[in-house]
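K.L.:
A single structure is presented below for examination.
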Amino acid sequence: MRILLDNFTKSFGKLTVIDQMNLEIHDGEMIALLGGSGCGKSTTLFAICGIHKVNGGRILFGDKDVTNITSQERNVGVVFQSFALYPHMTVEQNIGFPLKLRKEPVEQIKRKVHEIAEMVHIEVLLHRRPGELSGGQQQRVALARALVRRPDVLLLDEPLANLDATLRLEMRSEIRRIQQETGITAVLVTHDQVEAMSMCDRIAIMDEGKIVQITEPRDMYVNPVSDFVAGFLGSPPIAFLEGRIEDGKFVEPSTGVHMPLSADVATANNGREVRVGIRPEYFQPGNGAMIKGRVSFIEAQGRETLYNVMLPDGNILRSIQGSHSPVKIGDDVEWGVDTAHILIFGQDGLRI
Ligand SMILES: Nc1ncnc2c1ncn2[C@@H]1O[C@H](COP(=O)(O)OP(=O)(O)O)[C@@H](O)[C@H]1O
Ligand SMILES: [Mg+2]
C-alpha cells in the first residue's frame, strides 16, 4: 500500500512540530524515519497511524484519503518500544485480541493466530504469559499481534530500543525478513543509524520536523547533502576540518594541512571557506595527502581498531584500521587522507 503525506502539518498548541511535510512511501517498501530525539519522527508516525489529528495537509493510503478516518478504519499494525502486551492474557490471547475486538469467529481467530505465530517463530510459546517471556520473545509477540489483522501498513516506533545488543541484532534481521515475506509497506522510526541502514530500502533523515534527505542507505552514506547528514551516518563518525580552498587545494591555515582537490571543485570555489569531512576509513597510514598529528585515543573494537589523531590545533581525525598497528597513545604519526573520498561542505553546511 502506497502512503502519501501531502503537505502534512502538525502542531501542539503554538508549537508547529511538522510544517508541510511531503513524503511518498512506495508500495511494499520499508522506510526509516531517522533523526535525533524530538525531531518529529513519532509525531509523523502517529499521524500515519491515525492517533494524531493533522492540522493541515492530507494523508493518502493508495488513492484513498484517510486524513479524517480513525486508526481502526485505517487497518494499520503498530509496534511500540514498550511492547504493551496484556500481562494477564496468554500469548495466544494477546495475538488474537485485535480479531476478538472485531468479533471474528473463535475458530478463525485460532487459525490466524497459529499462522502468524509460525511466521514469527513463537508457536511453542502460545500458552505462556508475557511475564514468562524474554524481551526478544515479547517483541515477537507484539509483532505477531500487529500483523494478525493483515494490516495494509506496519508502523514501528523504536521497536528495538528495549532489547539488549544481541537481541537487537537478531530482531533487526527478523523484522526485515517478516516484512519482506509479507510484502507489507513498513515505516520504522529510529534514532539509530545502523538500524535504519541495515533494515530499510530507503532512509528519510529528519531534522527539526523536516526531511533533509531521502534516499537509499548506501547513497546517503556516500552522497550526503549536508554535514548534518554526513555526521549522522557512520560509526565511528566522520571528522571535520575547517579551512579554505586555495590554488587547487584545501588548506587548513593553523596546521598547514593541505589536500589536493579535483580541478572543477577547486576552480569553482577558489577562496571559499569550507568544512571538509573525512571518514575514518579514508584516513590511513600509507598513500594520500599526509597529515601529522598525535595519537590521543585508541579503542580496540575486536576486528578493527579506532585511533583518534589530534592535530596541532586540537582538531581530531579518526582512523579505523583492520590490521594491528604498534602505535601507542602519545605517538606522533603521519597518516594519509584519500582525497578522492573527502566530502566538502560550504559554511551553510550544504555539500559543494
Ligand atoms: N502530545 C504532545 N504534546 C505536546 N508536544 C508534543 C507532543 N508530542 C510531541 N511533542 C513535541 O513534538 C516534538 C517532536 O516530538 P516527537 O515526534 O515525539 O519526536 P521524536 O519521536 O523524533 O523523538 C518534540 O518537541 C515534542 O516535545
Ligand atoms: Mg519518538
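The values are calculated or read from the model by the stated rules, or taken from the named source; none is laboratory data. These numbers were taken from a predicted model, which means no experiment stands behind them. Cβ placement follows ideal geometry from the backbone for every residue including glycine, while neighbour counts extend to all protein chains displayed.
K.L.:
Can you tell me which residue within the range 9-44, out of those that are within 28 Å of residue 178 (Cβ to Cβ), of a type in the set (A, V, I, L, M, F, W, C) and assigned to a strand (DSSP E or B), is nearest to ligand 1 (Cβ to nearest atom)?
P.N.:
33
K.L.:
So how many residues does the range 178-192 have that are away from ligand 1 (no atom under 14 Å from the Cβ) and at negative phi?
P.N.:
Residues of the range 178-192 away from ligand 1 (no atom under 14 Å from the Cβ): 178-186.
Filter again for at negative phi, leaving 178-182, 184-186.
Within the range 178-192, residues that are away from ligand 1 (no atom under 14 Å from the Cβ) and at negative phi number 8.
K.L.:
Something else about it: If residue 47 satisfies every condition in (1) of a type in the set (A, V, I, L, M, F, W, C); (2) within 16 Å of ligand 1 (Cβ to nearest atom); (3) farther than 26 Å from residue 192 by Cβ but one, which is the exception?
P.N.:
(3)
K.L.:
Okay, next question. Does the range 4-16 contain at least one residue that is over 26 Å from residue 213 (Cα atoms) and surrounded by fewer than 18 Cβ atoms within 10 Å (Cβ to Cβ)?
P.N.:
Kept after step one, since they are over 26 Å from residue 213 (Cα atoms), are these residues of the range 4-16: 13-14.
Okay, now just the ones that are also surrounded by fewer than 18 Cβ atoms within 10 Å (Cβ to Cβ), so 13-14.
Scanning the range 4-16 turns up at least one residue that is over 26 Å from residue 213 (Cα atoms) and surrounded by fewer than 18 Cβ atoms within 10 Å (Cβ to Cβ).
K.L.:
Kindly indicate the residue of the range 149-169 that is assigned to a helix (DSSP H, G or I) and within 17 Å of the chain's Cα centre (by Cα) and also surrounded by the fewest Cβ atoms within 10 Å (Cβ to Cβ) among those meeting that condition.
P.N.:
In this case the residue turns out to be 165.
K.L.:
Would you point out which residue out of 10, 64 is within 16 Å of ligand 2 (Cβ to nearest atom), of a type in the set (Lys, Arg) and modelled with pLDDT of 95 or more?
P.N.:
10
K.L.:
Given the condition surrounded by fewer than 15 Cβ atoms within 10 Å (Cβ to Cβ) and among the β-branched types (Val, Ile, Thr), answer yes or no: does some residue in the range 135-144 qualify?
P.N.:
no
K.L.:
Identify the single condition in (1) crowded, with 21+ Cβ neighbours inside 10 Å; (2) outside any strand (DSSP E or B) that residue 1 does not satisfy, given that it satisfies every other one.
P.N.:
(1)
K.L.:
Failed condition for residue 3, given (1) β-branched (Val, Ile, Thr); (2) more than 23 Å from residue 172 (Cβ to Cβ); (3) more than 16 Å from ligand 2 (Cβ to nearest atom), with all others met?
P.N.:
(2)
K.L.:
Consider residue 248 carefully, then state whether it is more than 13 Å from the chain's Cα centre (by Cα), more than 20 Å from residue 319 (Cα to Cα), of a type in the set (Gly, Ala, Ser) and within 16 Å of ligand 1 (Cβ to nearest atom).
P.N.:
Values: more than 13 Å from the chain's Cα centre (by Cα): yes; more than 20 Å from residue 319 (Cα to Cα): yes; of a type in the set (Gly, Ala, Ser): yes; within 16 Å of ligand 1 (Cβ to nearest atom): no.
Answer is no for this residue.
K.L.:
Hey, could you check the range 196-211 for residues that are in a strand (DSSP E or B) and over 28 Å from residue 174 (Cβ atoms) and say which is farthest from the chain's Cα centre (by Cα)?
P.N.:
Filtering the range 196-211 for residues that are in a strand (DSSP E or B) and over 28 Å from residue 174 (Cβ atoms), the one farthest from the chain's Cα centre (by Cα) comes out as 210.
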